[in-house]
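Colleague: Sharing a structure here in structure tokens format.
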Amino acid sequence: MTTIENNKCPNHVCDGQIKIKYFSRDLDYKKINFNCTTDTYKKPSVYECTKCKIIFSELIFKMDKNQIEKTYQDIEDDKYISQIKFKKYYFEKLFNKISRFISKDMNVLEIGAYYGVLGSVLKDKVKNYSGLELSTHSTNYAKNNFKLNIYNETIENHLKKNIKYDLIIMADVIEHFSDPFKVLSQINKLLNQNGKLILTTFNIDSLYAKITGRNYHWMIPFHMVFFSNKTLETFGKNNNLKLVKILNDPRYVSFGYLMEKLILIFPRLSFIFKFLSKIELLKNINVKVDLKDLKIYYFEKISN
Ligand SMILES: [Zn+2]
């Protein structure tokens, strides 16, 4: 665990100094809910490196890697399970966008496979699909319901198996690692010579994120690092990965789920959303959410 006292950037290849970007006193990091459908909306303090411009949460300093891994191992996310129909619709749309980078002969690894929904979309479209997942509950769900090959282990342990992949996918996962810089170097080791990486995350430099600032709804406790197009390009390059393409990544959610989120994000308007969420007819309508802040990043390994 890095300490905040020395004011050093958590990015290993950077010797920059950090400065506070947003200060928060209300976060009790021992009580954070790490489910990806969490309703915890207390804000972490956020720092920025003056040199490499990486923006990150105070939790990088406050929680160690083992603590975070243990938290993810124990996740059981029933709300996510209730939304799988909508997740599947979104992942099919995502696949259509990235299908030009994917071919039938690829050996694919998804890091952070969660409940296996993206895996279920991918598995028949590639030679071989495998997932990596820490949560025992979601691993079992993905194995039983989607018949997927999921390794319930860390990237460190998976590296020991010496399997190489043509494509690695991470859907909304990179921001969860306490050390995403190390993860990119591990991905480089897991990839074949002409390997590709596709990841989705939010762009902290997007107009919407800039306008909302510290209230940006993805600035939540378990998001450790907030990337931008520029910082992702730099960190890719540091790890032998060239950022080739950035695509927009609109989401599709149920109307009911969207109302729940809006109540949390805009508590003062909650009476409107509560009223709307009571209308049975609307609850299961699929809604497109596109704030232009979510992006798909496609990287290719730089051949030596
Ligand atoms: Zn830095």
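The values are calculated or read from the model by the stated rules, or taken from the named source; none is laboratory data. Keep in mind the model is a prediction, meaning the values are calculated, not measured. Neighbour counts are summed over all protein chains in view; Cβ atoms, including those assigned to glycine, are modelled from backbone coordinates with ideal geometry.
Colleague: Regarding the range 210-221, can at least one residue be identified that is in the same structural domain as residue 113 (by TED's automatic domain parsing) and under 30 Å from residue 161 (Cβ atoms)?
Modeller: Initially, the range 210-221 is screened for residues in the same structural domain as residue 113 (by TED's automatic domain parsing), giving 210-221.
If we keep only those that are under 30 Å from residue 161 (Cβ atoms) as well, we get none.
Looking for residues that are in the same structural domain as residue 113 (by TED's automatic domain parsing) and under 30 Å from residue 161 (Cβ atoms), one finds none in the range 210-221, hence no.
Residue-by-condition table, conditions (1) part of a helix (DSSP H, G or I); (2) within 16 Å of the ligand (Cβ to nearest atom); (3) among the small types (Gly, Ala, Ser); (4) modelled with pLDDT of 90 or more:
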| residue | (1), (2), (3), (4) |
| --- | --- |
| 13 | no, yes, no, no |
| 18 | no, yes, no, yes |
| 24 | no, no, yes, no |
| 48 | no, yes, no, yes |
| 61 | yes, yes, no, no |
| 67 | yes, no, no, no |
| 80 | yes, no, no, yes |
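Colleague: Quick check on residue 124: is it in the same structural domain as residue 248 (by TED's automatic domain parsing), surrounded by fewer than 17 Cβ atoms within 10 Å (Cβ to Cβ) and in contact with a Lys or Arg (Cβ under 7 Å, 6 or more places away or on another chain)? Give the steps one after another, and end with the answer.
Modeller: On the way: in the same structural domain as residue 248 (by TED's automatic domain parsing): yes; surrounded by fewer than 17 Cβ atoms within 10 Å (Cβ to Cβ): yes; in contact with a Lys or Arg (Cβ under 7 Å, 6 or more places away or on another chain): no.
Spelling it out, it is not the case that residue 124 is in the same structural domain as residue 248 (by TED's automatic domain parsing), surrounded by fewer than 17 Cβ atoms within 10 Å (Cβ to Cβ) and in contact with a Lys or Arg (Cβ under 7 Å, 6 or more places away or on another chain).
Colleague: Let me ask another. Return the pair list, or none, for Cβ contacts closer than 7 Å from residues in the range 41-62 that are closer than 11 Å to residue 223 by Cα and touching a residue at least 40 places away in the same chain (Cβ under 8 Å) to residues that are assigned to a loop (DSSP other than H, G, I, E, B) and near the ligand (Cβ under 10 Å from one of its atoms), at least 6 apart or on different chains.
Modeller: The qualifying pairs are 56/10; 60/10.
Colleague: Scan the range 235-255 residue by residue and report those that are in a helix (DSSP H, G or I) and buried (at least 20 other Cβ atoms within 10 Å of the Cβ).
Modeller: Here is the first cut: in the range 235-255, the ones in a helix (DSSP H, G or I) are 235-238, 255.
Result: 235, 236.
Colleague: Follow-up question, since we're still on this one. Looking at the range 261-300, which of its residues are surrounded by 15 or more Cβ atoms within 10 Å (Cβ to Cβ), of a type outside the set (Val, Ile, Thr) and touching a helix residue (DSSP H, G or I) at 6+ places or on another chain (Cβ under 7 Å)?
Modeller: Passing the criteria: 262, 270, 273, 276, 277, 282, 291, 293, 297, 298, 299.
Colleague: Can you say whether residue 111 is crowded, with 18+ Cβ neighbours inside 10 Å, modelled with pLDDT of 90 or more and away from the ligand (no atom under 16 Å from the Cβ), as far as the supplied structure shows?
Modeller: The answer is yes for residue 111.
Residue-by-condition table, conditions (1) surrounded by 19 or more Cβ atoms within 10 Å (Cβ to Cβ); (2) not charged (D, E, K, R):
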position	(1), (2)
194	no, yes
200	yes, yes
208	no, yes
214	no, no
223	yes, yes
226	yes, yes
233	no, no
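Colleague: Okay, next question. For residues that are over 24 Å from residue 10 (Cα atoms) and touching a residue at least 40 places away in the same chain (Cβ under 8 Å), scanning just the range 132-157, find the one that is surrounded by the fewest Cβ atoms within 10 Å (Cβ to Cβ).
Modeller: Looking at the filtered set, the residue picked out is 136.
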